[in-house]
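Undergrad: Could you have a look at this structure, given as C-alpha cells, before my questions?
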Amino acid sequence: MGLNRLTRYVLREVLFAWLGVTVVLVVVLLTNRLIRFMADAASGDIPADIIFTLLGLKAVANLGVVLPGSFFLGVVMALGRLYRDSEMTAMAGCGIGPGRVYTGIFALAVPLAGLVAVLSLSLGPGAEREADRILANAEQQARFGGVQPGRFLALGGEVTVYVETVEGDGTLRGVFAERRVDGAYQVWVAPRARREINAIAPGEFLVLEDGWRYEGRAGRAEWRLMDFAEHGVRIAEPDPVEPGVGRDAQPLAALLAADDVRALAELQRRLSFPVMVFVLALGSLPLARTDPRSGRYGRVVTAVLLFMIYFNLLFTASDWMVTGGLSKWPGLGWIHALALVIVLVAMHRQLGWRWRKARS
C-alpha cells in the first residue's frame, strides 16, 4: 500500500505539472500560428473561416514534438518542488529509494511515449498533409475571392476579369474576360460564370455560360466570333501542395517502402521522440535535485537548455544523414546513447547507486 500510495502521489504531482506546461507551450505555439494565419487572412491570402481548422491541424501535427519537452519540464518542476519542501529528504529518511520515485514518473512516461509514437509516426504527418491540402485550396479560393463588382481584376497575371455583380453563392453576373496570347487578344463575354478548380483540366478555371468569344489582333479586321453554352478559361496553373511532398508530412507506409537515405532519416527522427521521453524521464530526477533554499525555477532554465541541445542535435544529425555526413547506421542512435550515458553519470553523481548514499 505504501508503494501504491507513493506512486500515486508522485504521479499526481508530475501529471499536474506536465499538463500545465503542455497547455502553456501549446498556447504559445498556436498564438504564433494564429498571428500568421490572421495576417494571411487580412491580406486576402486565405479565407478567415478556415483559421481555426488550420490551428487544430497544426496543433496535432506538432504535439509529437511538444509533449517530450513539456513532460521533461513538468517532471523537473514537480520534483524540484518536492526537494524544496524537503519531501524528498523525508522519503530518504524513511528508506525510500529512487526506484519508487521513478515508478511514479514512468507510470506516466510509458503511456505518454506510446501517444508520442502514434502522433509522430501517423497522426501528426496526416494532420500536416490535411493542413497543406486545405491551405493550398484556400489560397486558390482567396485569389479569386478578390473579385469586386464594377472593377477590373488581373488573375494569374494573364487574364483580366470584369464582373457586374457577385451573388451570395459565388455566381458571377455580367462577366467580361480578356487574355493576350502571342500578340492576339481573346475576349469572352457572358451573362454568368463560376469559378472551379480541376473541373476541366489541372488548374483553376473561370467557367462562363451562354456567352461569346472574340479572338483577333488589334488594328486588324480578322476576328473570329464564336458563341458557346459553356466555356472554361484557364486563369492559373498552380503547383498544388500534394500531401506527402515534405518529409515531415510523408505517411509512414511511404517511408517504410522508400529505399533512400531521406526516408530513413525522417523515420529515425520520428522514432526519436518516444525514445526521448524515456531518456528525459531518467534524467529528470538527478536534474531536479536542489537545495531547499534554491530558487523556484533555477533547474527549469537548465532543463530548457538541455532539451534544446538534445532536440537540435537530433535535427542536425538528421540533416547530416541526408547530406552524407553521417552513416545510416547507427544514424541518430548515437545521440540517444550519448544522452543516456550523460544521464547515468548524473544519476550516479547526484543520487548515488542507493538513495541513502545521496547527499541531503
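The values are calculated or read from the model by the stated rules, or taken from the named source; none is laboratory data. The structure presented is a predicted model; accordingly, all values stated were derived computationally and were not measured. A quick note on method: Cβ atoms are made from the backbone with ideal geometry, for glycine too, and the neighbour counts reach across all protein chains shown. Accessible surface areas use protein heavy atoms only, side chains included; no ligands, DNA or RNA. Shrake-Rupley method; radii C 1.70, N 1.55, O 1.52, S 1.80 Å.
Undergrad: At a 10 angstrom cut-off on C-beta neighbours, averaged per residue, how do the peptides 204-210, 169-175 rank from highest to lowest?
TA: On the way: 204-210: 19.7, 169-175: 16.1.
Ranking, from highest mean packing down: 204-210, 169-175.
Undergrad: For region 157-236, build the charge dipole from Cβ charges (+1 Lys, Arg; -1 Asp, Glu) around the Cα centre, then report which of Val159, Ala177, Trp223 sits farthest towards its positive end.
TA: Trp223
Undergrad: On to the next question. Where does each of Tyr102, Tyr162 land when they are ordered by accessible area, with a 1.4 Å probe and the largest first?
TA: Solvent-accessible surface, decreasing: Tyr162, Tyr102.
Undergrad: Also, quick follow-up: Give the relative contact order (percent, whole number) for region 1-138; include only Cα pairs under 8 Å separated by 6+ residues.
TA: 42 percent
Undergrad: When ranked by the protection proxy of mean other Cβ atoms within 10 Å per residue, highest first, what sequence do the peptides 216-222, 12-18, 301-307 form?
TA: Listed from highest to lowest mean packing, they are 12-18, 301-307, 216-222.
Undergrad: How do Thr165, Thr22 rank by accessible surface area computed with a 1.4 Å probe, from largest to smallest?
TA: Ranked list, largest accessible area first: Thr165, Thr22.
Undergrad: With charges only on Cβ, +1 for K and R and -1 for D and E, what is the dipole size of region 157-236 about its Cα centre, in debye, rounded to 20?
TA: 260 debye
Undergrad: Right, something else. What does the highest-first list of 54-62, 30-38 look like by mean Cβ count within 10 Å?
TA: My ranking of the peptides, most packed first, is 54-62, 30-38.
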